[in-house]
1. Relative to the longest principal axis of the C-alpha atoms of the chain, give the angle of the C-alpha long axis of helix 67-77, reported between 0 and 90° and rounded to the nearest 10°.
2. Using a Gaussian network for the chain with springs between C-alpha atoms less than 10 Å apart, which of these wobbles most: Ala43, Ala78, Ala275?
3. Which lysines have a Cα lying under 30 Å from the Cα of Lys242, excluding residues fewer than 8 positions away in the same chain?
4. What ³J(HN,Hα) values, in whole Hz, does the Karplus curve 6.51 cos²θ - 1.76 cosθ + 1.60 give for segment 166-177 when θ = phi - 60°, with x put for Gly and Pro?
5. Determine the relative contact order of segment 4-115: mean sequence separation of Cα pairs under 8 Å and six or more apart, normalised by residue count, in whole percent.
6. Normalised by the residues of the chain, what does the relative contact order come to in percent, with Cα pairs under 8 Å and at least six apart?
7. By the gyration tensor of its Cα atoms, with a ≥ b ≥ c the square roots of the eigenvalues, what is the shape of segment 4-115: rounded for a/c under 1.5, prolate for a/b over b/c, or oblate?
8. Considering the values (i) 55, 42, 32; (ii) 61, 45, 38; (iii) 73, 41, 38, which represents Cα extents along the principal axes in Å as calculated for the structure under consideration?
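Just so you know, all these numbers are worked out from the coordinates, no wet-lab data involved. Predicted, not measured: the structure shown is a model, and the values here were computed from it.
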Amino acid sequence: MSHVALLVNPAARQGRAASQVDRVLARLREHGVEPLVLDSSSADVAQAAAHHAVVAGVERIVAFGGDGIVHLATGAVAGTSTVLGIVAGGTGNDAAEALGLAGGSLEDRVDRSLKDPTAVDVITKVDDDGSLSRPSHAVTSCVAGFPAAVNVRAEAMRVPRGPSRYTVATLLGIPTMRPGLFRLVLDGKEREERAAVLVVANTGLFGGGMRICPDAVPDDGLLDVCLVGDVGRLDLLRSFGKVRTGAHLDHPDVSVHQAAEVRMEAIDADPLVRADGEPFGSMPCTLAARSGALWVAGATIRPPGRV
C-alpha cells in the first residue's frame, strides 16, 4: 500500500472539483508521491475506504474537496497517527480556512498537504453509554436550531453555487424560524435556554466563512458555545448580516460560553444536529473537546477574529 492515500469528493463545487483531480495527482507525483486513490463513489463507500486505509497503515490521507470530505476523512484518522492533508476545493472550506490552508493556487494547497503536521482538537460525540459514535468527530462546529435547518436546505439546493448558497438558504428559512428550548450542561453546570441558534464550535468559522465564534481556537481543549437567544425573525435577519464580521456578539441576546464538554437536549426544539455541514445524529448527545486528536499537515492555529 502507498504511504499516502487520496480521498476526493467528485461532487465538490457541483462537480467542478472532479476536473481538477488530475492536477492534484500530477502535483503529488512531482513530489515523488504515487497515492492510493480511494473509492469515493458514495459517502458510505468513501468512509469505509478511508477507515480501511488507516487500519492498513497508510501514513497520510489527503482529502480534496470541501468541509464534507474533511469531515469524512477526520472520522477515519482522528485519534490515530495518520496525518490528514487538506486540499481545499469545495463550496464550503471553513476547516481549511480556519487552519490556514485555503489560500494560494491548487498546487500550493497540494504542497501544504504534504508538510509536517500540527496537532489540533476535534469535537467528539459521546453516546449516553460512554461509547463513541460513528461518525463521531467534527473539525469546525456542531449546529442545532435554525442553522441546522439552513444547512439541510442549502445541501439540497442546486443553485446558486458557492458560499452564497448558504445566504439564500438562510433568507428562505427566516419566515418559518422559531426559537426552540434547549437544556445544556456545560462542564456539569446545567442551564435551559430558548434559542434560535445553538453552535458548539472548535474553530471560529461555519456556513461558508461566517465568524460565529471568532475567538475559538482548535488547540485549547475547549469548545466555544454560541447561543442566539429568543429573537424574532426580523432581529435574526439583522444579526445574520453581522455574523460575517463577528459583530453579532455585541447583540444583547447573543452569548458565548466555553466548556470542555457540552451535553445538549432538545426540550421543545428540533433535535437535529449537523457537524461540518454533514448529518451528525440528534439530541440528546454529549460533545467533548478531544485535545490534539487530529494531525493536520501544514496547519497554522490562529482565531479568525472580528473584521
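1. Helix 67-77 and the main axis of the chain meet at about 70 degrees.
2. Top of the fluctuation ranking is Ala43.
3. Leaving aside lysines fewer than 8 places away in the same chain, those within reach of Lys242 are Lys125, Lys189.
4. For segment 166-177, the Karplus curve yields 5, 5, 5, 4, 5, 4, 5, x, 4, x, 9, 5 Hz.
5. Working: 191 pairs, mean separation 32.0, N = 112.
Contact order relative to length: 29 percent.
6. Values: 753 pairs, mean separation 66.1, N = 307.
RCO, the chain: 22 percent.
7. On the way: a/c = 1.30, a/b = 1.17, b/c = 1.11.
Rounded.
8. The value computed from this structure is option (i).
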